[in-house]
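Here is the structure we will look at, set down as structure tokens.
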Amino acid sequence: MVATDAHHTSEDITDRLLTAAIEVFTERGIEKAGVALIARRAGLTTGAIYSRWEGKQELLLDALAVVLMQ
């Protein structure tokens, strides 16, 4: 079976979530940025976030690491 554009790897999904998190944290601030909004921005569900991070604080730390590595 050949992978299609609809098929996304776990790494792709993580990258989408981190990109969305950086955008939402930047636009709304840490307090007003919610995981539901971040997931929606990435075109995913909150389950995608919670399967990778325990919550918003862990996601924030990883998003900050991405920004600092750029």
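Only one of Glu31, Glu23 is more than 11 Å from the chain's Cα centre (by Cα) and not hydrophobic (A, V, I, L, M, F, W, C); which?
Only one candidate qualifies: Glu31.
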>> Can you list residue pairs whose Cβ atoms sit under 7 Å apart, with the first residue in segment 12-29 being acidic (Asp, Glu) and the second being open to solvent by 70 Å² or more (accessible area, probe 1.4 Å)? Count only pairs 6 or more apart in sequence or on different chains.
In response: Glu23/Arg41
> Restricting attention to segment 9-19, does a residue exist that is at pLDDT below 95 and over 12 Å from the mean Cα position of the chain (by Cα)?
Replying inline: yes
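The values are calculated or read from the model by the stated rules, or taken from the named source; none is laboratory data. The structure displayed is predicted, hence computed values, not measured ones. Note that each Cβ is placed from the backbone with ideal geometry, even for glycine, and that neighbours are counted across all protein chains shown. Note: accessible area is taken over every heavy atom of the protein model, side chains too, but ligands, DNA and RNA are not part of it. Shrake-Rupley method; radii C 1.70, N 1.55, O 1.52, S 1.80 Å.
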